[in-house]
Amino acid sequence: MSNFVTHLECSKAGDCYDHEEINNLSKINKPLFVKYDLERLKNSYTREDFVNDFSSLPGFWKYQYLLPLKNKSSVIDLGEVITPLVRISKYENLFMKDEGRLPTGSFKARGLALGVARAKELGIKKIAIPTNGNAGAALAAYATASGIESFVFCPKDTPSINIKEAEIQGAKTFTIDGLINDCGLIIAKHKEKEGWFDISTMKEPYRLEGKKTMGFELAEQFNWQLPKNIFYPTGGGTGLIGMWKAFNELKKLHWIDCDLPKMFAVQSSSCAPIVKAFDQELDYANPWPNAKTLASGIRVPEAVGDFLILKTIRESNGHALAVDDQEIIEERDNLANKYGFLSCPEGAATLAGYNKALQLGLIDSNETTVLFNCATGLKYPMPEVNNKFNDQ
Ligand SMILES: *Cc1c(COP(=O)(O)O)cnc(C)c1O
């Protein structure tokens with residue numbers, strides 16, 4: 001495996017950290033970014049080498065030159081796939097990237113696969129995570145597959161499938177009377193004593209590298225012409241920040257020369273800290289009180305990467321949009337019964353956000369636009385069925 005990593009860098013202060021050491025946040029408690037020697041990469045491989053699967057690595061693992069693994073043997077193969085772009089409407093240019101096809105049924109697989117693989121390379125034996133569900137399941141699966149112990153903390157009203165799938169895949173799973181941030185506090189309090197590595201969103205550098213691969217897939221799927229707009233259901237924002245990192249790496253390598261997409265962050269109006277900060281032109285978001293939304297994956301009242309999400313939206317000329325839970329349900333039901341696409345609530349939120357952006361004139365329906373269905377709809381509660389058949 002060719003490795004082009006040079007060091008880690010604080011995303012705020014820009015100081016350097018050693019990637020051969022175990023790292024969480026920087027000295028000023030901000031996320032760390034993995035830096036690559038792009039010049040050497042450009043002189044070693046072409047973009048065709050980059051996307052061609054000479055080493056038969058499954059799914060996103062194949063983008064190995066821009067990933068942080070040292071050894072090919074560190075790849076944890078659970079049958080990853082390049083996720084499809086599904087047409088979900090009358091609009092020619094509107095695509096749903098269906099992340100529900102990944103192992104564990106959500107795009108959390110991308111981040112946790114890389115996070116766990118690097119943890120293993122660094123000799124970590126126990127990993128803990130605060131989660132709204134999907135990240136816990138993905139950690140459980142990848143940790144178990146690589147012989148690492150995992151500890152999952154989730155709010156007690158997390159969708160019950162999420163709690164059970166984490167436990168059955170080998171994580172010691174705990175439910176907490178509180179939100180994801182409360183779960184994070186418990187881990188912070190006990191991690192030293194328990195010997196846990198804290199793999200919380202954006203609090204270690206490698207989950208972002210996994211999420212970044214969504215950007216590489218889009219570049220490849222659109223034949224190096226990126227879509228005009230991307231709508232991303234934003235909780236911790238890893239995917240949004242990650243794709244932006246991916247696009248900028250490709251740009252610096254001169255492997256793309258198109259304009260970069262406008263990045264739209266979609267949140268629920270009952271948990272919309274990023275939207276509020278965007279509207280108020282703030283650089284950081286304030287914690288959202290009493291966060292509640294049925295789109296549990298985006299029920300994140302406070303994100304460590306808040307300033308990176310806001311920076312990405314602004315740099316890309318995108319926008320932050322809030323949609324009501326009612327609209328989310330309506331779009332979920334529309335997608336299912338008009339187009340045969342069973343989305344997760346967060347995926348439906350991106351469609352509601354797209355409609356809102358059209359109404360506001362922020363985008364045009366003939367622009368190529370990608371929405372994200374981040375998890376399979378099968379993980380979430382669905383309406384009861386009680387039709388009576390008259391068998392006369
Ligand atoms: C985690 C999650 C999100 C939010 O992803 P971030 O990258 O943390 O913003 C959205 N939808 C689903 C289904 C999720 O599991």
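Overview of results
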{"quantity": "Chymotrypsin sites (Phe, Trp or Tyr not before Pro) within segment 36-68: DSSP coil, no more than 14 neighbouring Cβ in 10 Å", "calculated": "Phe54"}
{"quantity": "Charge dipole (the chain, unit charges on Cβ, about Cα centre) - positive-most of Pro261, Phe33, Asn366", "calculated": "Phe33"}
{"quantity": "Within the chain, longest stretch free of exposed trypsin sites (Lys or Arg not before Pro) [DSSP loop, at most 11 other beta carbons within 10 Å]", "calculated": "157-387"}
{"quantity": "Point-to-point label distance, Asp37-Lys338, nm (Cα→Cβ direction, 7 Å offset)", "calculated": "5.3 nm"}
{"quantity": "Cα-Cα over 24 Å, subset of Lys27/Lys311; Lys42/Lys212; Lys164/Lys338; Lys125/Lys311", "calculated": "Lys164/Lys338; Lys125/Lys311"}
{"quantity": "Descending semi-axes in Å of segment 46-118, equivalent ellipsoid built from Cα gyration tensor", "calculated": "25, 16, 9"}
{"quantity": "Antiparallel bridge percentage (DSSP; both residues within the chain; nearest 5)", "calculated": "30 percent"}
{"quantity": "Average Cα contact separation per residue, the chain, under 8 Å, 6 or more apart, as relative contact order %", "calculated": "16 percent"}
{"quantity": "Exposure proxy order (Cβ contacts within 10 Å, fewest to most) of Glu220, Glu209", "calculated": "Glu220, Glu209"}
{"quantity": "In segment 231-317, chymotrypsin sites (Phe, Trp or Tyr not before Pro) in a DSSP loop with at most 13 other beta-carbon atoms within 10 Å", "calculated": "Tyr284"}
{"quantity": "Lys, Arg +1 and Asp, Glu -1 on Cβ, resulting dipole of segment 49-158 about Cα centre, debye, nearest 20", "calculated": "200 debye"}
{"quantity": "Listed residues Gly111, Val152, Ile186: farthest to the positive end of the dipole of segment 108-198 (Cβ charges)", "calculated": "Gly111"}
{"quantity": "Nearest-20 debye value, segment 108-198 charge dipole, Cβ charges on Lys, Arg, Asp, Glu", "calculated": "240 debye"}
{"quantity": "Distance between segment 231-282 and segment 66-136 - C-alpha centres, whole angstrom", "calculated": "18 Å"}
{"quantity": "Residues Asp257, Asp49, Asp157 arranged by fewest to most Cβ contacts within 10 Å", "calculated": "Asp257, Asp49, Asp157"}
{"quantity": "Cα centre as origin, Lys/Arg/Asp/Glu Cβ charges: the chain dipole, Debye", "calculated": "480 debye"}
{"quantity": "Efficiency of FRET between Glu384 and Lys292 - r from beta-carbon atoms, R0 25 angstrom, step 0.05", "calculated": "0.70"}
{"quantity": "Those chymotrypsin sites (Phe, Trp or Tyr not before Pro) in segment 83-123 that DSSP places in a loop and that have at most 15 other beta carbons within 10 Å", "calculated": "Tyr91"}
{"quantity": "Relative contact order of segment 5-80, pairs being alpha-carbon contacts under 8 Å that are 6 or more residues apart, as %", "calculated": "25 percent"}
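Readers should treat all values here as calculations from the given coordinates under stated rules, not as data from a laboratory. Just so we're clear, the structure is a prediction, and the values are computed from it rather than from any experiment. Here Cβ is always computed from backbone atoms with ideal geometry, including for glycine, and neighbour counts include all displayed protein chains.
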